[in-house]
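The values are calculated or read from the model by the stated rules, or taken from the named source; none is laboratory data. Please read these numbers as outputs of a predicted model, since none were measured by experiment. Methodologically, a virtual Cβ is constructed for each residue, glycine included, from the backbone with ideal geometry; neighbour enumeration extends over all protein chains shown.
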Amino acid sequence: MTLARQRLGQQGEALAAQFLEQLGYRIRERNYRCRIGEIDIIAEDQEYLVFCEVKTRRDSKVHPSLSVSARKIHKLQQLGLWYQSQQGLTDRQPRFDVISVQLDEPKPLIEHIVNAF
């Protein structure tokens, strides 16, 4: 991954985390990594433990959320269950959301797809 793409992703993730906090979510982790892979944002929303995939694009004709593949969905579900078991949070209801950030607008456009998969 190029440095420019990393910075774009970091910018989108920061905006997504800020967006979630404004909605009242509590951010538990950002860029959680383990041997299985990485989760962009892990947050709490009432009784839910929310695992968020953030997709950021600049000047894209394709909506960012459409780049979440079936393989990525499966991986995120595995990661979420792994995180829950490692943290002793198996009593929390898991939820998998996608947040798209489009930076080609005059102001960033953030869309939150709750319970995306």
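Annotations
- Looking across the stretch 13-38, the residues that are surrounded by 14 or more Cβ atoms within 10 Å (Cβ to Cβ), free of Cβ contacts under 8 Å to residues at least 40 places away in the same chain and closer than 19 Å to Gln102 by Cα come down to Ala14, Ala17.
- Considering the conditions (1) within 27 Å of Asp104 (Cα to Cα); (2) in contact (Cβ under 8 Å) with a residue 40 or more places away in the chain, Ser67 is excluded by exactly one of them, (2).
- A single member of Ala116, Ala43 is at pLDDT 95 or above and either assigned to a helix (DSSP H, G or I) or touching a strand residue (DSSP E or B) at 6+ places or on another chain (Cβ under 9 Å) (or both), and it is Ala43.
- Here Gln6 clears all of (1) within 13 Å of the chain's Cα centre (by Cα); (2) closer than 20 Å to Ser65 by Cα except the condition numbered (1).
- Number of residues in the stretch 70-104 that are surrounded by 15 or more Cβ atoms within 10 Å (Cβ to Cβ), part of a strand (DSSP E or B), without any contact (Cβ under 8 Å) to a residue 60 or more places away in the chain and in contact with an Asp or Glu (Cβ under 9 Å, 6 or more places away or on another chain): the value is 6.
- Test: residue in the stretch 51-62 that is more than 12 Å from the chain's Cα centre (by Cα), more than 20 Å from Tyr25 (Cα to Cα) and β-branched (Val, Ile, Thr): yes
- Across the stretch 49-75, the qualifying residues are those that are touching a Phe, Trp or Tyr at 6+ places or on another chain (Cβ under 9 Å) and modelled with pLDDT of 95 or more, and the one among them that is farthest from Leu8 (Cα to Cα) is Leu49.
- Checked against (1) on the phi < 0 side of the Ramachandran plot; (2) touching a strand residue (DSSP E or B) at 6+ places or on another chain (Cβ under 8 Å), Arg7 passes all but a single condition, namely (2).
- In the stretch 1-46, the residues that are among the small types (Gly, Ala, Ser) and touching a Ser or Thr at 6+ places or on another chain (Cβ under 7 Å): Gly9, Gly12
- When Glu21 is tested against the conditions (1) in a helix (DSSP H, G or I); (2) at pLDDT below 95; (3) among the acidic types (Asp, Glu), the lone failure is (2).
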